[in-house]
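Student: Here it is, the structure, as structure tokens.
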């Protein structure tokens, strides 16, 4: 197996080539400029994950929406399921950066946290 | 009272400059911010990817802003919110800044030094003049971003995006996550104007097609936009007849470039560079007007906020030196953009102010592979930067050590894209 | 029952309504749009022509120069930006100079003041950025520039101040005449009136066809325009016309009263309502504008748009000499103000006076003067025009003037609130833009439009997604809240 992909760990966007000669999970990664490249490539092929930055409804805040994110990357295939769950949430200001908005999102063991300090007003 | 430094803008550049100036021992600093909170455009950039260079971790826009806001608050630097600067006038030893806000009304603020950090604004549909109707539903990507992320409203459900700048790519994903359908991102050039990671993360992840060498030739819909005609362009950017395609949509987002916002700069009489649309600056971001500094997107449009913060540190240092009377004003070098390079910042270098090295920021004019950027003084090659790939979307940071530059008494440093020497 | 119903709240209908409000009459002003002056009045050259073009035997020739002279007083009463900047019709050769001489003679007949023929040196001394091969020009110092949408909004406001009823979103769909009463069916209810004035612009022929046998027909002719940033606003001082040909006045280059630069228009027959800009026509305009003004900085364009003219044309049943139609129609009590194209804006103060005094008054013998008529509107605060002291004072009085909403044009929240709460007030983002210029600047509302939407929603007590950009219901800006799934759940 041979696959080309673009590393997105940082803005460099290295073009990585991943080769699994014997299709036995022994990946060989080339094209990376740092050690994060191979890690990303292998992860991307075995279990691609993304951090989801989005918003939730907030009451009594300076704004009607509070920006949030998943504290860790979640499986790519569950992004829309996660969005559904996040869209159900209503929080009350004040909120601090890092406050947990959803605990254990979709049973993944990953929290959704606030990314902004939102005062009550 | 007369301030030492007044900073025009409380976005990432203004905050970072303020922190640096304060650390360098300047006491009387004031930040002027027109919005209801500090942080500038970062407040609506809720996506992650900020801070990898500065903090070595991946933050969202509001989180990145919060780190600097905390430093400003902890250092006790005063700021005024909801305050609009109307004008700045030069009076030699001091500058007078004319501002208004609801609370205090009309005020003039006198300062020894000013740091301009007004950021940039988006190019509009007016500027690119797409033929067709002028219906509602045509937004710049940043306006749509504000509506969705801050106000909590959707601009529409069926989306076409013109231009592959980073905000457009980010908004393609953002609208998809919020339940909209993004039909296509059209890019006039044969390459994207956004960061590669954004193309992967924002388009490829969601199967959103990126149509390179495509433009919009007509906007349909008298009241609300009903669709666009998209056509392919040739290498001279002219539409190829017979390639048109109608794409229905209720929303068109434009991500067709950013322009430094320099009304105050120009009116004050600061000398401008028509390549960057920003002011001409030196190694510590001093402008041609003594006491006036500029940094961040108001000088040239950056692709990463980390570099904005980095540049603002220079301006903070520069303004602090100016206030203390230790800023050297003798320009040693000027810079020039040779083949393949669109612009270089800084445009001037006063060597006596340089600590260890000078970082030259520049953008290439087109995509280059396996080339180098060479720096020359006269015929003399003084430094080389190798890049596997040079993209117009990704700013080149070219660091040259002080001891290299010191070998030359004066002159012009010219940057060119060339074949790598074997 | 109203005494008079005016169909169409463009500049003609609105101005006539205001002139009629000098009398004790019950007047209703109807428009199908959600703002006054939202069609032809909105997109044109914004020029108050001196009046040397039209032949003196035509109504156009009769009213243009007279209307022009009235503009200072009108714009002073109605607080509308107006500048008598002058105009030049430029000639590149002796043939064109011959036309210049003809225009000069015609202008004298029409009573245009101050006309002069300029030689090469004078032209270039007056306008250093014109093409060097221009060898002479007709100079008309009385030509001016105005803000047509502000004029229309303010004249409508003044009409309402003086008792006129304005009904927007009332699209006329049928008219029946019953003895001495017109029964007007609209999209929002029926209206009765003793007299009708048809000032429906491009649709005046369609409106007349609802009540009488067609005797005129209107053709939409589209003109494309470009607006340049204020940086380019001082490229010319006068309105620069090319020498006219049989195709019309040609592509002009003009300063605008707000300090921008405008070029256009071309002329192409189109379907009524087609206000799309056309790529090849825009190229044509650029090419022609360059002939007179070779250094036009096209990089500084901030907006392109198209507007329509309503030109009377002959067909099987009608004839025309291309003049204004200002008369009581064959249907008694039904007055047509039609074919009202250029120089309609320039002529309107004189035409409205004529329509009221010479057409309406004879129909209503017992008409009585409205002694309460006030020709002036409450002046606007224009923050950018205030001195530092005045700025300080107004913010002290009303802090909303201390909050800048449109940063390009420096328009404050106080100014936006004012245009929302006046008579004939703004209800849409576009109507705010037309009245106080929020969103007219180089960023074209990118920065301020979300803020204007917020202000409108707050002041009109509705949600953000109920605020329209322009047309009622169809020109929505926002498609509902995010997280709407939650609210349904």
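Derivation of every value follows stated rules applied to the coordinates shown; laboratory data play no part. Computed from a predicted model, the values in this text were never measured in an experiment. No Cβ is skipped: glycine too gets one built from the backbone with ideal geometry, and neighbour counts run over all protein chains shown.
Student: Taking chain B as the reference, fit the longest principal axis to its C-alpha atoms, fit the long axis of helix B:12-23 to the helix C-alpha atoms, and give the angle between the two in degrees, 0 to 90, nearest 10.
Tutor: Result, in degrees: 20.
Student: Now a separate question. By the gyration tensor of its Cα atoms, with a ≥ b ≥ c the square roots of the eigenvalues, what is the shape of the stretch C:383-488: rounded for a/c under 1.5, prolate for a/b over b/c, or oblate?
Tutor: prolate
Student: Right, something else. Shape call for the stretch B:54-131 from the C-alpha gyration tensor, a ≥ b ≥ c root eigenvalues: rounded (a/c under 1.5), prolate (a/b greater than b/c) or oblate?
Tutor: oblate
Student: At what distance in nm do the modelled label points of residue B:389 and residue B:420 sit from each other, each positioned 7 Å from its Cα along Cα→Cβ?
Tutor: 1.5 nm
Student: Is the shape of the stretch B:131-268 rounded, prolate or oblate, going by the alpha carbon gyration tensor and its root eigenvalues a ≥ b ≥ c, with a/c under 1.5 for rounded and a/b larger than b/c for prolate?
Tutor: rounded
Student: What is the log10 of I(q)/I(0) for the stretch A:2-46, computed with the Debye formula using one identical point scatterer on each Cα and no solvent, at q = 0.19, 0.21, 0.23 Å⁻¹?
Tutor: Debye intensities relative to I(0), on a log10 scale: -0.47, -0.57, -0.68.
Student: List the relative contact order of chain B as a percent without decimals, with contacts defined as Cα pairs under 8 Å and 6+ residues apart.
Tutor: RCO, chain B: 15 percent.
Student: Give me the extension gain from residue C:122 to residue C:246: residue separation times 0.36 nm, minus the current Cα-Cα distance, reported in nm with one decimal.
Tutor: Stretched fully, the residue C:122-residue C:246 segment lengthens by 41.9 nm.
Student: Considering every residue in A:111-118, what mean count of other chain Cβ atoms within 10 Å of its Cβ is obtained?
Tutor: What the average comes to for A:111-118 is 4.
Student: While we're here: Starting from the Cα of residue C:328, step 7 Å along the direction of its Cβ; do the same at residue C:73; then give the gap between the two resulting points in nm.
Tutor: For the pair residue C:328/residue C:73, the computed spacing is 2.7 nm.
Student: What is the Cα coordinate range of the protein assembly as shown on the first, second and third principal axes, sorted by size from largest, in whole angstrom?
Tutor: Over the protein assembly as shown, Cα extents along the principal axes are 97, 71, 63 Å.
Student: Please compute the average number of Cβ atoms from other chains found within 10 Å of each residue's Cβ in peptide A:75-82.
Tutor: Per residue, the average neighbour count from other chains is 1.
Student: Sort C:374-380, C:54-60, B:319-325 by the packing proxy (mean of other Cβ within 10 Å over each peptide's residues), most packed first.
Tutor: Going by the mean number of other Cβ atoms within 10 Å, highest first, we get B:319-325, C:54-60, C:374-380.
Student: If you average the sequence gap of Cα pairs under 8 Å that are 6 or more apart and divide by the length of chain C, what percent do you get for the contact order?
Tutor: 19 percent
Student: Given a Förster distance of 30 angstrom, what is the FRET efficiency for residue B:75 paired with residue B:402, based on the Cβ-Cβ distance and rounded to 0.05?
Tutor: Once the sixth-power term is evaluated, E becomes 0.55.
Student: I've got another one for you. As an exercise, use a Förster radius of 56 Å and the Cβ-Cβ distance of residue A:108 and residue B:355 to find the FRET efficiency, rounded to the nearest 0.05.
Tutor: Between residue A:108 and residue B:355 the formula returns 0.75.
Student: Let me ask something additional. Determine, for B:90, C:176, C:35, C:205, the number of other Cβ atoms within 10 Å of each Cβ, and report the residues in order from fewest to most.
Tutor: C:176, B:90, C:205, C:35
Student: Something else about it: Quick check on packing: order C:138-148, B:254-264, B:69-79 by the mean number of other C-beta atoms within 10 Å, highest mean leading.
Tutor: Averaged packing, sorted descending, gives the order C:138-148, B:254-264, B:69-79.
Student: Please compute one quarter of the surface area of the Cα convex hull for the stretch B:214-271 and express it in square nanometres.
Tutor: About 6.7 nm², averaged over all directions.
Student: Quick one: compute the contact order of the stretch B:335-422, relative version, from alpha carbon pairs under 8 angstrom and 6+ residues apart, as a percent.
Tutor: Reported relative contact order: 39 percent.
Student: Another question about this same structure. Would you mind putting C:350-357, B:112-119, C:108-115 in packing order, based on average other-beta-carbon counts within 10 Å, highest first?
Tutor: B:112-119, C:350-357, C:108-115
Student: Helix B:61-74 against the longest principal axis of chain B: what's the angle in degrees, Cα atoms only, rounded to the nearest 10?
Tutor: The two axes meet at around 20 degrees.
Student: Count the DSSP beta bridges whose two residues both fall in the stretch B:329-422, then state the antiparallel fraction as a percent rounded to the nearest 5.
Tutor: 85 percent
Student: Then there is this: May I ask you to compute the full-extension gain from residue C:101 to residue C:178, defined as 0.36 nm times their residue separation minus their alpha-carbon distance, rounded to one decimal in nm?
Tutor: Contour length minus Cα-Cα distance gives 22.4 nm.
Student: Based on the Cα gyration tensor of chain B, what are the three equivalent ellipsoid semi-axes, each the root of five times an eigenvalue, rounded to whole Å and given largest first?
Tutor: Working through the eigenvalues yields semi-axes of 37, 28, 18 Å.
Student: Extension gain residue B:246-residue B:93, at 0.36 nm per residue separation less the Cα-Cα distance, in nm?
Tutor: This chain segment gains 49.1 nm when fully extended.
Student: Grab every C-alpha pair in the stretch A:53-114, bin the distances at 10 angstrom width from 0 up to the longest one, and report whole percents.
Tutor: Pair shares across the bins are 23, 58, 18, 1.
Student: How far is helix B:166-177 tilted, in degrees, relative to the longest principal axis of the Cα atoms in chain B, given as a value from 0 to 90 rounded to the nearest 10?
Tutor: On a 0 to 90 degree scale, this one is about 50.
Student: Same structure again: Can you pull the mean other chain C-beta count within 10 Å for peptide B:58-67?
Tutor: Counting Cβ atoms of other protein chains within 10 Å of each residue's Cβ and averaging gives 5.
Student: If R0 is 51 Å, what FRET efficiency do you get for residue C:370 and residue C:213 from their C-beta distance, rounded to 0.05?
Tutor: Result of the calculation: an efficiency of 0.90.
Student: A further question on this structure: If I model a spin label at residue B:330 and residue A:84 as a point 7 Å from the Cα along the Cα→Cβ vector, what separation in nanometres do I get?
Tutor: Computed distance between label sites residue B:330 and residue A:84 equals 7.2 nm.
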